[in-house]
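K.L.:
What follows is a structure written as structure tokens; I'll ask about it next.
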Amino acid sequence: MSSTILVISGSLPTVNTLTKSLDEMGYVTVFNHFSSTFDFVYNEIPLLMIVDLFEEPETIPLLNSFKEDPLFAGVPVLAILDDEHTAMDWETVHADDYIRRRFIEHDILMKVQLCILRSKRVVEVNPLTRLPGNIAINRQIQSRIDNQTTFALAYVDLDHFKPFNDKYGFSRGDDVLKITGRLILNIVKGNYSHSSFVGHIGGDDFIFITEPAIMEDVCRDLIGAFDHIIPTFYDQDDRQSGFIQSKDREGHVKLFPFLSITIGVVYVNGLHFTHYGEVTEIASEMKQYAKKHAGSCYKINRRSYDPEKRRNRQPREQ
């Protein structure tokens with residue numbers, strides 16, 4: 001999540017007051033219409049949204065749709081109301097707080113600070129990428145299992161990330177993680193999967209969920225985009241040589257290829273599975289199998305699942 005405060009209002013006096021008051025808190029971006037914001041928020045999740053709620057009839061339905069997406073559920077929304085809006089049904093409007101237009105100049109800083117602090121307390125997200133974290137990931141998987149929903153889950157891991165981090169430092173490593181999260185988000189959402197989900201387990205591990213029909217397209221697009229952009233994170237000399245010199249986990253100096261992305265996928269037909277851990281275990285195994293292949297790749301488990309056989313099997317090498 002960025003430090004951007006997103007203001008959605010077509011009222012010039014309101015916008016001028018907000019930008020003047022909030023300039024010290026972060027970068028303020030203004031849109032006249034809610035429908036114009038989607039490209040922006042998929043590329044840069046805002047710190048806060050301030051929405052002029054009744055300027056257009058489609059604002060509330062679009063806001064509700066936005067907040068129902070698990071990725072954006074944690075973005076606090078502050079609604080602007082006029083004095084005539086007194087009988088609000090907040091069960092049908094997914095805003096987190098409101099402010100009267102006539103009180104904006106006096107109260108906006110306090111309201112904004114409270115909204116942001118409240119969201120940090122109650123929402124579990126990865127602090128680096130601001131993608132949903134492990135609690136949200138587990139809930140998303142378990143909900144689909146309980147509802148016997150058919151879905152595909154992908155477990156994403158970066159290869160050679162530690163040597164890259166050791167050579168270039170944590171700051172550049174964090175930049176790689178942030179761009180990876182953004183690539184996954186943009187590509188998953190760009191495939192128009194309404195039931196999709198993207199989460200960040202931690203470190204260089206990510207999860208995404210899509211409909212099975214588009215999963216391979218998402219994997220191919222993600223690998224193509226990642227392999228295209230990742231050389232830009234290397235110094236010129238290393239880009240020319242195609243590798244870096246760094247230390248392995250035992251402290252030995254070795255040559256390492258560029259970062260690559262590995263994806264393990266499991267298809268879930270809504271039956272047999274009872275716990276999210278069963279799904280993530282298979283996806284993790286497929287990821288480990290994919291990591292045996294050089295370069296970026298994905299591997300998919302399409303086999304039927306028998307939990308009894310799986311519990312009784314002996315551990316084996318992949």
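The values are calculated or read from the model by the stated rules, or taken from the named source; none is laboratory data. What you see is a predicted model, and the numbers here were worked out from it, not measured in a lab. Neighbour counts run over all protein chains shown; Cβ positions are idealised from the backbone, glycine included.
K.L.:
Check whether at least one residue in segment 228-238 is over 24 Å from residue 178 (Cβ atoms) and without any contact (Cβ under 8 Å) to a residue 12 or more places away in the chain, and report yes or no.
P.N.:
yes
K.L.:
Next question, about the same structure. Say we look at segment 204-250 and pick out the residues that are among the hydroxyl-bearing types (Ser, Thr, Tyr) and either in contact with a helix residue (DSSP H, G or I) (Cβ under 6 Å, 6 or more places away or on another chain) or under 25 Å from residue 143 (Cα atoms) (or both); which of these is modelled with the highest pLDDT?
P.N.:
210
K.L.:
Please find, among 54, 31, 66, the residue that is buried (at least 18 other Cβ atoms within 10 Å of the Cβ), over 22 Å from the mean Cα position of the chain (by Cα) and of a type in the set (Phe, Trp, Tyr).
P.N.:
31
K.L.:
Hey, another quick one. Just need a number here: residues in segment 165-180 that are in contact with a strand residue (DSSP E or B) (Cβ under 9 Å, 6 or more places away or on another chain) and at pLDDT 95 or above.
P.N.:
Final tally of qualifying residues: 3.
K.L.:
A follow-up question, please. Considering only segment 180-219, how many residues are of a type in the set (A, V, I, L, M), within 14 Å of the chain's Cα centre (by Cα) and outside any strand (DSSP E or B)?
P.N.:
Of the residues in that region, 5 qualify.
K.L.:
Shifting gears a bit: For segment 71-123: of the residues being of a type in the set (Phe, Trp, Tyr) and outside any helix (DSSP H, G or I), which is farthest from residue 138 (Cα to Cα)?
P.N.:
Only one residue fits best here, namely 98.
K.L.:
Might you check whether a residue that is aromatic (Phe, Trp, Tyr) and surrounded by 20 or more Cβ atoms within 10 Å (Cβ to Cβ) occurs anywhere in segment 241-250?
P.N.:
Among the residues of segment 241-250, not one is aromatic (Phe, Trp, Tyr) and surrounded by 20 or more Cβ atoms within 10 Å (Cβ to Cβ), which makes the answer no.
K.L.:
Being hydrophobic (A, V, I, L, M, F, W, C) and not in a strand (DSSP E or B) is the filter here, so list the residues in segment 237-259 that pass it.
P.N.:
Listed by number, the residues that qualify are 258, 259.
K.L.:
Just to be sure before I move on: is residue 135 outside any loop (DSSP other than H, G, I, E, B) and modelled with pLDDT of 90 or more in the structure I sent?
P.N.:
no
K.L.:
Something else about it: Take residue 226 and tell me if it is outside any strand (DSSP E or B) and touching a Leu at 6+ places or on another chain (Cβ under 7 Å).
P.N.:
Yes.
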